[in-house]
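Everything on this sheet refers to the single structure shown next.
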Amino acid sequence: MAIIVNLDVMMAKRKISLNELSAKVDLTLSNLSILKTGKAKAIRFSTLEAICKALDCQPGDILEYNNLEK
């Protein structure tokens, strides 16, 4: 997939665990884990907004487009 999810990088920069983020954004651990590992097929804007608010970042800090991937 050409969209790369850098959630794990932002979580490491902010020193926040999956459990902490899950509680802050009100998402299950399994759904957050799917997103973190890049296996998610979609993300709601409300979820992205909650994650950005919890991590104090921009959507571009979490999502990256790689046009070189085939």
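Computed from the coordinates by the stated procedures, all read-outs in this text should not be read as laboratory data. Quantities reported herein were computed from a predicted structural model and do not represent experimental measurements. Here the Cβ is made from the backbone with ideal geometry for all residues, glycine too, and neighbour counts use every protein chain on show.
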At what distance in nm do the modelled label points of Thr37 and Ile3 sit from each other, each positioned 7 Å from its Cα along Cα→Cβ?
1.8
Before anything else, pin down the relative contact order of the range 3-56: Cα pairs under 8 Å, at least 6 apart, normalised by residue count, whole percent.
45
Restricting to lysines 8 or more places apart or on different chains, can you count the pairs in the chain with Cα atoms under 29 Å from each other?
20
Enclosed volume per residue, in Å³, of the convex hull spanned by Cα atoms of the range 3-56:
72
Short version: ³J(HN,Hα) in whole Hz for each residue of the range 35-48, in order, from phi by Karplus 6.51 cos²θ - 1.76 cosθ + 1.60 (θ = phi - 60°), x for Gly and Pro, what are they?
5, 4, 7, x, 8, 6, 8, 7, 9, 6, 4, 5, 5, 4
Under the helix-only model (-39500 (n - 2.57) for each DSSP H run of 4 or more, divided by the residues of the chain), the mean residue ellipticity at 222 nm, to 500 deg cm²/dmol, is -15000 deg cm²/dmol
Hey, with R₀ at 22 Å, roughly what FRET efficiency would Arg44 and Ala12 work out to, going by the Cβ-Cβ distance, to 0.05?
0.40
